[in-house]
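Engineer: Sending over a structure as structure tokens; questions will come in a sec.
The values are calculated or read from the model by the stated rules, or taken from the named source; none is laboratory data. None of the values given here were measured: they were computed from a predicted structure. Ideal geometry is used to build each Cβ from the backbone, glycine not excepted, and the neighbour counts take in all protein chains shown. For accessibility, only protein heavy atoms count, side chains too; no ligands or nucleic acids. Shrake-Rupley method; radii C 1.70, N 1.55, O 1.52, S 1.80 Å.
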Amino acid sequence: MDKKARSKDISDIADLTSRNEDWKYVSLQSDINNLELGNNTELEPTEGYHLDANGTSYNINSEVDGVTFTDLVDIENPVIEESIKRPIDKFLFQQITRATGGFRVDVNKDVTEYCKVNFQSKQSTIPYIGVNVNKNKSAKFFINFGDLVQSNIYPLIELNLDTNSNLELIIQVTSSYEINLINSLYAKLEKDASLSIHMVSTGCTFSRSRIDVDLFGNGSNFNIDGVYFGENKQTHDNRVFVNHLGQNTTSNMQTKGVLGDESTSIFTGTIHIAEGASKTESHQENRNILLSEQASAQSVPNMEILCDDVICGHGSSVGPIDENLYHYVMSRGVIKEKAEKLLIKGFFNEVINKDSWNIINEEVSSQLISKYDNVLERANNG
Amino acid sequence: MSMANIDIDLGKYSLGWSDPEKNVFKPEKGLNEDIIRKMSEIKEEPEWMLEYRLDAYKKFLKKPMPDWVAKEKLGSLDFDDIYYYIKPTEEQADSWDMVPDEIKETYEKLGIPQAERSYLAGVTAQYESEVVYHKNREDLEELGVLFCDMDTAVKEYPELVKEYFGSVIPSGDNKFAALNSAVWSGGSFIYVPKGVHIEDPLQAYFRINAENMGQFERTLILVDEGASVHYIEGCSAPVYTTDALHSAVVEIVVKASGTCRYTTIQNWSNDVFNLVTKRAQAYGNATMEWIDANIGSSLTVKYPSVYLMEPGAHGEVLSVAFANSGQHQDTGAKMVHLAPDTTSLITSKSISKGGGRGAYRGLVRVEEGAETAKSFVRCDALILDDNSRSDTYPYMEIEESTAEIGHEATVSKVGEDQLFYLMSRGLSEEEATSMIVAGFVEEFTKTLPMEYAMEFNKLIEINMIEAGAVG
């Protein structure tokens, strides 16, 4: 874990407030500067998952060939020595210094099957997940924060992708409990490495993901796509910071969300292209549909470009469904309510119909639609 | 647009000026309540203005320095090493020889007459913190338009000034607005009565012309119902000064169905800190346009904003920034939608070169209840070499579900195919790049009166070819 952080003292780090740029728009709970943590003793095995984890301990249900797990307490070498640009704030500092349990995964062979990890917790924890993909190897991970996660959880994820390695990672947040999930993910990519992250966020009261990626090696590539759906008073907060440090690196970001009831979404991110990182190509897109009067969206897609030989662009939008699309669908005899549902499905399909989403496509699609139905029902009942 | 018929005979300004009080005030560096009291006394201001200044001074002391922009440069700013008020005097010696050669050469290249060059370089003009007006506009008086410097307005139109001064930008808005509110001097006051359309742009030149001299002008423009005005501030030729802080406040109120366009061409010499607060309120069906070009200064921090107060109001910002060696242009726009059916458009074009840093920083905020508000933000940046930097920080805060908000941005270098096309027709690489850059900012240039547009294009060319290699 981060050397920079471990050399610091907590008293030197200022308390976080929502004036802090990285926590802007968040109504911070008082405990964020002093996380209350507990100890989970139970660990039920769940079907269909290779590994169950509760933030304190974990249990392997079925081995995956080519993948080895090491308990946090036995880790000799950290997955990541230190991040290059990520600032260490008081929250991250606590995650790094107070992690309650977890594991390191080493990928030593090409693994084509998804390695599935299911989280469960009744007490607040900081689970650590370190993934190290060795040279020329590829792997797929699926991390689920479903209904077994019943208390605040603050995962700390570190990914190290060695030369020419490849990692696909799905992070799914669907817990229907009124809890906070605050995730910090850092990835470092060596030459020609490729990382794809797919994110689903429909659960928790406050679901936040901060992702920092250093595209360190020449030719490395990062993709992230995600969907979120807000209902009730949910907040979906996604922050993605991509640092293009090597040459010929590429990144692509696409996140789409629908906000109903009094929910809110926050998307901020920065594409940083360092001096000398020539031939970089980077795109960033964030689209939001607001379904109800009380819903809101904040979108701040930043760029910092210190190099001339780049192709870089971003787009972001917030609004209701386009009237022209309604017109198109309704002129074919579809009533308005159905038209809206179809259009929302189509809005998400642009992300979830990609091949890389095959494993969760159907499940996610039905989750999103049932969320939409809930919002609609509440709206109709006044 | 017809060519402005305002007579730019700058040599005449020194003739009509007399200053009976020139020995009364000995300027000193730094700021305290006494300086503010003396300044207000010399200006023969009413008591309320003195109170306003003193209150703002307290706010200035309390407000923290912004920590989100240009930390290093702002950190080097020494508030105690600045003259906050210098009474205009005729005693300044002509020191054309002291003007740096590169500035003289730029005047030469732009073909500016000698009289005007001396004026721009700050060596012959007679006013320092105060504004120079080009001529008595009798035609404007007939229409009932009030157009004078702010100090005169405080005395002659106290009711209007008292009602609106500080109403758009409160004195505690930010540290630099507080500073301006405490020590403001000069600036323009314009009132355009109901239904009056002013055909030609109104203009005023400002300059800083004493060493370590801060300039804190204050402008207030009131456009009454159905009226329209176009105001041009600044000039495209470089304005020479040393180590100065320029911190202006511009407040504009556009009443129902009124139109106001405010054009700025900022070309301070490359050591000025230009920290400006500009804000307008647009009422029902009114239109407010900020057209803002920043070429000079060491650091510019400026985000012209429009508060769209009533249904149908429309705001536009067209911002052009050229960040050359050693410069940081942190510019952008803010649009705050407070009422239904309001619309806004932000277009930003920035060019970074020779190690310069150009940043777009903007905010679109749609409050709940601003139904069917629409806003579109377009940011394009050109980076001309590997040492330069371009940043985009677009904030979008949307609380209304029927609002439609879009943002698109691109950053690129000059296209090789474009260069190839032009060079195959006999242009050098430098000429071709200049032409592409001029095309990149054409959206801005075409809003300018002819003589400004020509000078602006020439200036881009000089900026491109100076400081060595292009591309």
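Engineer: Among the residues of segment B:461-469, is any closer than 30 Å to B:Pro201 by Cα, modelled with pLDDT under 90, open to solvent by 40 Å² or more (accessible area, probe 1.4 Å) and in contact with a Ser or Thr (Cβ under 9 Å, 6 or more places away or on another chain)?
Structural biologist: yes
Engineer: Can you give me the number of residues within segment B:401-414 that are open to solvent by 20 Å² or more (accessible area, probe 1.4 Å) and over 28 Å from the mean Cα position of the chain (by Cα)?
Structural biologist: Matching residues across segment B:401-414 total 2.
Engineer: Could you list, in sequence order, the residues of segment A:210-226 that are open to solvent by 10 Å² or more (accessible area, probe 1.4 Å) and under 12 Å from A:Leu185 (Cβ atoms)?
Structural biologist: Once the filter is applied, which keeps residues that are open to solvent by 10 Å² or more (accessible area, probe 1.4 Å) and under 12 Å from A:Leu185 (Cβ atoms), segment A:210-226 yields only A:Arg210.
Residues checked against (1) more than 9 Å from every other protein chain (Cβ to nearest Cβ); (2) open to solvent by 20 Å² or more (accessible area, probe 1.4 Å):
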residue	(1), (2)
A:Ser251	yes, no
A:Ile273	no, no
A:Glu281	yes, yes
A:Asn288	no, no
A:Ala295	no, no
A:Ser299	no, no
A:Leu306	no, yes
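One line per residue, one yes/no per condition, for (1) over 22 Å from the mean Cα position of the chain (by Cα); (2) farther than 23 Å from A:Lys188 by Cβ; (3) at pLDDT 85 or above:
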position: A:Met1; (1), (2), (3): no, no, no
position: A:Asp9; (1), (2), (3): yes, yes, no
position: A:Asn39; (1), (2), (3): yes, yes, yes
position: A:Gly55; (1), (2), (3): no, yes, yes
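Engineer: Does any residue of segment B:272-284 turn out to be buried (at least 23 other Cβ atoms within 10 Å of the Cβ), in a loop (DSSP other than H, G, I, E, B), at pLDDT below 95 and of a type in the set (Val, Ile, Thr)?
Structural biologist: yes
Engineer: Pairs only if they're at least six apart or on different chains, beta carbon under 6 angstrom, first in segment B:156-169 and free of Cβ contacts under 8 Å to residues at least 40 places away in the same chain, second outside any loop (DSSP other than H, G, I, E, B) and surrounded by fewer than 21 Cβ atoms within 10 Å (Cβ to Cβ); list them, first residue then second.
Structural biologist: none
Engineer: Is it fair to say B:Met335 is modelled with pLDDT of 95 or more and either facing another protein chain (nearest Cβ under 9 Å) or surrounded by 24 or more Cβ atoms within 10 Å (Cβ to Cβ) (or both)?
Structural biologist: Yes.
Engineer: Related question: Within segment A:186-194, does at least one residue satisfy the condition of being of a type outside the set (Asp, Glu), more than 27 Å from A:Gln120 (Cβ to Cβ) and surrounded by fewer than 24 Cβ atoms within 10 Å (Cβ to Cβ)?
Structural biologist: Yes, segment A:186-194 has at least one match.
Engineer: Same structure, new question: Does B:Asp330 meet the test of being at the interface with chain A (Cβ under 10 Å from one of its Cβ atoms) and closer than 26 Å to A:Leu245 by Cβ?
Structural biologist: no
Engineer: For segment A:97-142, what are the residues that are β-branched (Val, Ile, Thr), open to solvent by less than 10 Å² (accessible area, probe 1.4 Å) and closer than 13 Å to A:Pro155 by Cβ?
Structural biologist: A:Val117, A:Thr125, A:Ile126, A:Ile129, A:Val131
Engineer: Please tell me if A:Glu21 is open to solvent by 60 Å² or more (accessible area, probe 1.4 Å), among the charged types (D, E, K, R) and within 14 Å of another protein chain (Cβ to nearest Cβ).
Structural biologist: Answer is yes for this residue.
Engineer: Would you please list the contacts, defined by Cβ atoms under 9 Å and residues six or more apart or on different chains, that run from a residue in segment B:70-96 that is at pLDDT 85 or above to a residue that is hydroxyl-bearing (Ser, Thr, Tyr)?
Structural biologist: B:Lys73/B:Ser298
Engineer: Could you please let me know if B:Val364 is open to solvent by 10 Å² or more (accessible area, probe 1.4 Å) and among the aliphatic types (A, V, I, L, M)?
Structural biologist: no
Engineer: Being over 19 Å from B:Val196 (Cα atoms), of a type in the set (S, T, N, Q) and touching a Gly at 6+ places or on another chain (Cβ under 8 Å) is true for just one of B:Ser257, B:Ser269. Which residue is that?
Structural biologist: On inspection, the qualifying residue turns out to be B:Ser269.
Engineer: In segment B:31-53, is there at least one residue being open to solvent by less than 80 Å² (accessible area, probe 1.4 Å), within 24 Å of B:Leu245 (Cβ to Cβ), at pLDDT below 50 and of a type in the set (A, V, I, L, M, F, W, C)?
Structural biologist: no
Engineer: In segment B:349-359, how many are assigned to a strand (DSSP E or B) and more than 9 Å from every other protein chain (Cβ to nearest Cβ)?
Structural biologist: So the answer is 4.
Engineer: Kindly list, by first and then second residue, each pair from a residue in segment B:416-438 that is under 23 Å from B:Phe456 (Cα atoms) to a residue that is among the polar types (S, T, N, Q), limited to pairs with Cβ atoms under 6 Å and residues at least 6 apart or on different chains.
Structural biologist: As it stands, the answer is B:Ile436/B:Gln418; B:Ala438/B:Asn457, since those pairs meet every condition given.
Residue-by-condition table, conditions (1) within 14 Å of chain A (Cβ to nearest Cβ); (2) at pLDDT 90 or above:
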| residue | (1), (2) |
| --- | --- |
| B:Arg365 | yes, yes |
| B:Glu371 | yes, yes |
| B:Gly406 | yes, yes |
| B:Gly415 | yes, no |
| B:Glu455 | no, no |
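Engineer: Within the bounds of segment B:390-400, is there any residue that is open to solvent by 20 Å² or more (accessible area, probe 1.4 Å), modelled with pLDDT under 95 and more than 9 Å from chain A (Cβ to nearest Cβ)?
Structural biologist: No, there is no match, as no residue in segment B:390-400 is open to solvent by 20 Å² or more (accessible area, probe 1.4 Å), modelled with pLDDT under 95 and more than 9 Å from chain A (Cβ to nearest Cβ).
Engineer: Of the conditions (1) open to solvent by 10 Å² or more (accessible area, probe 1.4 Å); (2) modelled with pLDDT under 95, B:Leu345 clears all except one; give me its number.
Structural biologist: The single condition B:Leu345 does not satisfy is (2).
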